[in-house]
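K.L.:
Before we start, here is the structure in question, set down as structure tokens.
The values are calculated or read from the model by the stated rules, or taken from the named source; none is laboratory data. What you see is a predicted model; the values in this text were computed from it and never measured. Because the Cβ atoms are built from the backbone with ideal geometry, glycine has one as well, and the counts that use them run over all protein chains shown. SASA here: full protein model, heavy atoms, side chains in, ligands and nucleic acids out. Shrake-Rupley method; radii C 1.70, N 1.55, O 1.52, S 1.80 Å.
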Amino acid sequence: MQQPEDVEIILTSEHRYKLHANVLARHSTFFAGYLTEQRAAKYPPRTLAKGVIIRWMFQLKRGPTEEEPAGELSPVNLDHNGQPLCPMHVTTLNENGKVPSKFYKYYESVLYACYGSDIPIGDEGADMMTALNGAANMLEIADYLGCIPVISKPIDIALFNHGQTLFRAIQAAPSGWAGLAMRIKSEMMFKEAVIHLAGNWNSMKSEDRDALDAGVRAVVEKHHRILTKKRQGVESRLASCYPGNMSAPGEFRPIKREEYAKDILVWIALSFFRHWFAQQIIIGKGGAGPDGGFGLYTMIVKGGDQYMEKPIMNEFHERFPLTKKAMNVLENHLAEMKVAFKDLVQRSRILESLCQLDTHKFPVGYLTCVELDRDDYPWNREVGDEDDPAAFRSSSAVAEMGFVAANRPTGNQVVQKNLAAARRHASDDNGPLSPGKHVRSGGGGGMSTSSDGNSNKRARNGT
């Protein structure tokens, strides 16, 4: 038995929705304030006999504006016959030759999210910046209706399904994605954005830094300071490293100068490296440089002819002439040192990438070894955890429902679509449903099957 769809929401003549009061009131503070018995239409028996079940009606009085990005949704008073007391002016869309407005689609997605439907974001080949704008617009509507927790998880999952396309978009514009992550409390997106912001902090313009949300900036600056200490530690160890047994060339103490003299070419090689390394720091290629030392550390890890190659060594040779044999021996010592320097940088793990972007396929020019902990997410520092109504969700997509512009699915139809999709997924995962398997829908007014044989039990609607 289906629950009565006792609420009608009218956005335009082509966008009318019949939904359940208990579902809307449970998920939206806006509807919870209006969907009360005191505000419900009261019908005489003859009206009820005609099958009139709409007890609350809402109309979009004004579309989106800069001041009111979600428009204005207002209640409509009904008479004893279930008709509006005052004449209604319902907007008729005429988008011939115009770019279709996505505003009403966003509204529809938010309303159906109350039933556990997925949020379609970035579909139909849209780029991720368009998806970001779409998510922001839906959040404005959800904020107006007081149901952001309902769409947070669906948006997070819908975006995550885009994989590397999403992560490349976050890398290209981390500030905007960090703001979205804050609003929907997405740890995945927030972490990814902070990694790129902290790693690229040295090259960010001051106005871009100032534009960051205060909570985001505090976390980014914290991890920038941590990265700075890591860089200083690596550079300090490179500058003071004595590879091999340079510090103890002999077994007996004190060590005589003759023992050190035997390794004169080793000391010259080390002196050449420190000369070159100091120059790199001075010209801004170290940790204080625009790339935070990424290019310098990468060269040292690659080793070989990636740095201090033959032309550089020839310059040293011109300034400090050696025999050809001595120069070859010195270069061999330097090659051995490069292995030790490479090992030092690798053991620091400063070049380890902790972002979800595939940096081998899509390389970046800064450090991504930022590691966040639970307290770095601003919402985790808030007192108390709110229940997330979006946690109870089905796996069907709104795009799979076959929506028709002039005939919008009702609440019961949405529930049945979600239930059918859940059954299909259960069948795919575990084989055909047997009497012992249990399936539940994502919202009020649905049906369930259970192992006790009562196949027509009404699903819990939370009221």
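K.L.:
So SER236 fits all but one of (1) open to solvent by 50 Å² or more (accessible area, probe 1.4 Å); (2) in contact with a helix residue (DSSP H, G or I) (Cβ under 6 Å, 6 or more places away or on another chain); (3) not aliphatic (A, V, I, L, M); what number is the exception?
P.N.:
Evaluating SER236 over (1) open to solvent by 50 Å² or more (accessible area, probe 1.4 Å); (2) in contact with a helix residue (DSSP H, G or I) (Cβ under 6 Å, 6 or more places away or on another chain); (3) not aliphatic (A, V, I, L, M) leaves (2) as the failure.
K.L.:
How many of the residues making up the range 11-58 are within 15 Å of TYR112 (Cα to Cα) and either of a type outside the set (Ser, Thr, Tyr) or open to solvent by 60 Å² or more (accessible area, probe 1.4 Å) (or both)?
P.N.:
Going through the range 11-58 one residue at a time, the tally reaches 14.
Per-residue answers, yes or no, for (1) assigned to a helix (DSSP H, G or I); (2) more than 23 Å from VAL23 (Cβ to Cβ); (3) of a type outside the set (Phe, Trp, Tyr):
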| residue | (1), (2), (3) |
| --- | --- |
| TYR104 | yes, no, no |
| THR130 | yes, yes, yes |
| ALA136 | yes, yes, yes |
| SER152 | yes, no, yes |
| GLN171 | yes, yes, yes |
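K.L.:
May I ask you to say which residue of ALA40, ALA25 is assigned to a helix (DSSP H, G or I) and in contact with a helix residue (DSSP H, G or I) (Cβ under 9 Å, 6 or more places away or on another chain)?
P.N.:
Only one candidate qualifies: ALA25.
K.L.:
Test LYS18 against the stated conditions and say whether it is under 28 Å from LYS153 (Cα atoms) and basic (Lys, Arg).
P.N.:
yes
K.L.:
Could I ask something else about it? From GLU192, GLU207, GLU187, GLU235, which residue is acidic (Asp, Glu) and under 30 Å from ALA340 (Cα atoms)?
P.N.:
GLU235
K.L.:
Just need a number here: residues in the range 316-331 that are part of a helix (DSSP H, G or I) and loosely packed, with under 13 Cβ neighbours inside 10 Å.
P.N.:
Of the residues in that region, 5 qualify.
K.L.:
Can you pull out the residues in the range 154-189 that are within 8 Å of the chain's Cα centre (by Cα) and surrounded by fewer than 20 Cβ atoms within 10 Å (Cβ to Cβ)?
P.N.:
Of everything in the range 154-189, those that are within 8 Å of the chain's Cα centre (by Cα) and surrounded by fewer than 20 Cβ atoms within 10 Å (Cβ to Cβ) turn out to be PHE160, GLU187, MET188.
K.L.:
Name every residue in the range 252-293 that is in contact (Cβ under 8 Å) with a residue 12 or more places away in the chain, small (Gly, Ala, Ser) and under 19 Å from PHE316 (Cα atoms), in order of residue number.
P.N.:
ALA269, ALA278
K.L.:
I need a count of the residues in the range 207-251 that are closer than 22 Å to VAL266 by Cα, assigned to a helix (DSSP H, G or I) and without any contact (Cβ under 8 Å) to a residue 40 or more places away in the chain.
P.N.:
Summing the residues that are closer than 22 Å to VAL266 by Cα, assigned to a helix (DSSP H, G or I) and without any contact (Cβ under 8 Å) to a residue 40 or more places away in the chain in the range 207-251 gives 2.
Residues checked against (1) at pLDDT below 95; (2) under 29 Å from GLU221 (Cα atoms):
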site: LYS342; (1), (2): no, yes
site: LEU351; (1), (2): no, yes
site: TYR366; (1), (2): no, yes
site: GLU382; (1), (2): yes, yes
site: SER396; (1), (2): yes, no
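K.L.:
Yes or no: TYR242 touching a Phe, Trp or Tyr at 6+ places or on another chain (Cβ under 8 Å) and either closer than 16 Å to PHE341 by Cβ or open to solvent by 40 Å² or more (accessible area, probe 1.4 Å) (or both)?
P.N.:
Here the answer is no, as TYR242 does not meet what is asked.
K.L.:
Please specify each residue of the range 245-262 satisfying the condition of being within 22 Å of VAL339 (Cα to Cα) and open to solvent by less than 60 Å² (accessible area, probe 1.4 Å).
P.N.:
The answer is MET246, ALA248, PRO249.
K.L.:
Name the residues in the range 87-113 that are at pLDDT 85 or above and touching a strand residue (DSSP E or B) at 6+ places or on another chain (Cβ under 8 Å), would you?
P.N.:
TYR104, TYR107, GLU108, LEU111
K.L.:
Condition (residue is surrounded by fewer than 13 Cβ atoms within 10 Å (Cβ to Cβ), under 40 Å from the mean Cα position of the chain (by Cα) and in a helix (DSSP H, G or I)) applied to the range 281-301: is it met by at least one residue?
P.N.:
Scanning the range 281-301, I find at least one residue that is surrounded by fewer than 13 Cβ atoms within 10 Å (Cβ to Cβ), under 40 Å from the mean Cα position of the chain (by Cα) and in a helix (DSSP H, G or I), so the answer is yes.
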